[in-house]
Amino acid sequence: MNGKVGSEAFDATPSSLLPPLEWKFSQVFGERIAGEGVQDVDFISAIQFDKSGDYLATGDKGGRVVLFERTDVKENSSRRDLEKLDYTICGHPEFGYKTEFQSHEPEFDYLKSLEIEEKINKIRWCQIANGALFILSTNDKTIKFWKVQEKKVKRLSVMNLDHSQAARNDNFACSCTASPKVSLTNGGYADSPYKYQSNDYEFSSAGFPSLRLPMVTGQEMSLVARCRRVYAHAHDYHINSISNNSDGETFISADDLRINLWNLEVSSQSFNIVDVKPANMEDLTEVITSAEFHPTHCNTLAYSSSKGSIRLIDLRQSALCDNHSKLFEDRATPGPRSFFTEIIASVSDIKFSKDGRHILTRDYMTVKLWDINMDSGPVASFQVHEYLRPKLCDLYENDSIFDKFECCLSGDGLRVATGSYSNLFRVFGCSAGSTEATTLEANKNPMRRQVPPPAKPATRSLGRLTSAVRRAVECPGVDANGNSNDLSAKLLHLAWHPSENSIACAAANSLYMYYAN
């Protein structure tokens, strides 16, 4: 089966099951032409919607941050008034390019002889204030706090001289500077041609008709990105996560062994709240892979480990939160244990649902949904690309087994999404009894690669046909669409719009957006 859902997860009954969403192409930015080469620095490495869903930010391996703004809402200035009148707004989210800036540059740590890449690992939106956008971005070592704001730039007319008087003015200037002048104590000159011996210069009542002063002819709005603060020198290992606190004042950053708590206004110091580094590094058994603040409880955060466990900690318990308040582990791992069991169990991403009730995690093979009030096991588990299990040895040799896929939840918490290979991503329904498991490809026709599923025993089927969407079918040796698997085309990063069924995903240097009605 694609997934297993515990009866405790939701109270939905089969009669209330929602039909599978029909996904459609919306937009693409940076589309690659067939046969066109793409530089590694142009690959998108981070995607994030802001809480309102009106802005979208992406970061790439070249250290650049690109911002997009929703345009369909902006054009409809009376949207809020229409919502108050229960007027249904048709269409789907559409975004336009807003601005971009260079967030990070390549650096070199001379003490450790270590080259620090400019690649953006994570982006997080902060609260909007006074019309300005605030963003946290990080590479492996340094976090930066950016302010993006529109500023008025005055457009001036050029200084216009009367050319008919230009020659006379030049001659006058030459005559005044031909011989040195003797300065007086009061700042005047003894041989002033106008007999003034002070700086209180009086213009002739007739004026100088040849001089035209610059005039303001208009104003332009220009977006300016300015780095407000730099949070550096706090991590010995690569930063894998940053997360804002709901209090709007603090955030966390996590590396392999430590989680630090920062105040947005203070960049000179941070507080170490989690430290899993043993006294002897030979005793190290697991590392931190991801960390996330609870969306509403400012004292609660969760972090995942390379062993597949999730720990919930309460900042009120102690200053150093090495002891967790809850531990979530999937003890019912299917199949026999092998050399690869612990590798594929490592959690690459963790997300809270919008209401904070559930936690979504992604390991190499599966997506799991956890209820924070039930630590006996996940309430749902979805197989993403089970057909790769017989190929784990090959995946280990080419390092694909260490790829870190992200996951995301819909705003209503009824569906989850994650990426796979061959530029595919999958959407699963997580309400009780749901069998929704849609496979889409990141291109303008997301359903184009669908082919009739090969004949397989019923127990091997991952889904069934619907009128609009073919569910993925398990087929060892090929991808979920029945085609040969392309490990070089990996869809690692994606994000779900906070309030609508819209997904943004990155395929190499291209940003694709899809929507469902």
(request) Write down the accessible area per residue of region 14-56 in Å², having rolled a 1.4 Å probe over the full set of protein chains. (result) 59 Å²
(request) Determine ³J(HN,Hα), in whole Hz, for all residues of region 257-273 in sequence, where each value follows from phi through the Karplus function 6.51 cos²θ - 1.76 cosθ + 1.60 and θ = phi - 60°; x replaces Gly and Pro. (result) 10, 9, 10, 10, 10, 10, 9, 4, 8, 10, 9, 8, 8, 9, 10, 7, 9
(message) Can you give me the long-range amide H partners of K277? Hydrogens built in the peptide plane at 1.01 Å from N, cutoff under 5 Å, separation of 5 or more residues or another chain.
(response) none
(message) Need one value: the accessible area of E220 in square angstrom, 1.4 angstrom probe, rounded to the nearest 10.
(response) 100 Å²
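Using a cut-off of 13 Å between beta-carbons, work out the net charge of the residues near Y237 (Lys and Arg +1, Asp and Glu -1, Y237 not included).
-2
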(message) Beyond a 31 Å Cα-Cα separation, which of these cross-linked pairs lie in this structure: K144/K444; K112/K354; K51/K490; K119/K151?
(response) K144/K444; K112/K354
(message) Give me the net charge for the shell around V216: Cβ to Cβ below 9 angstrom, other residues only, Lys and Arg +1, Asp and Glu -1.
(response) +2
(message) Nothing charged except the Cβ atoms of Lys and Arg (+1) and of Asp and Glu (-1): what's the magnitude of the dipole of region 374-441 about its Cα centre? Round to the nearest 20 debye.
(response) 140 debye
(message) Compute the distance from the alpha-carbon center of region 213-280 to that of region 103-135, in whole Å.
(response) 8 Å
(message) With a 1.4 Å probe and all protein chains left in place, how much accessible area per residue does region 326-416 have, in Å²?
(response) 42 Å²
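Roughly speaking, to the nearest percent, how much of region 306-430's 1.4 Å accessible area is carbon and sulfur?
50 percent
At a 1.4 Å probe radius, which order do V153, V416, V73 fall into by accessible area, largest first?
Putting V153, V416, V73 in descending order of accessible area: V153, V73, V416.
The values are calculated or read from the model by the stated rules, or taken from the named source; none is laboratory data. Note that the structure is predicted; figures quoted are calculated from it, not measured. Using ideal geometry, Cβ is built from the backbone for each residue, glycine included, and neighbour counts are taken over all protein chains shown. Areas reflect the complete protein model, heavy atoms only, side chains present, ligands, DNA and RNA absent. Shrake-Rupley method; radii C 1.70, N 1.55, O 1.52, S 1.80 Å.
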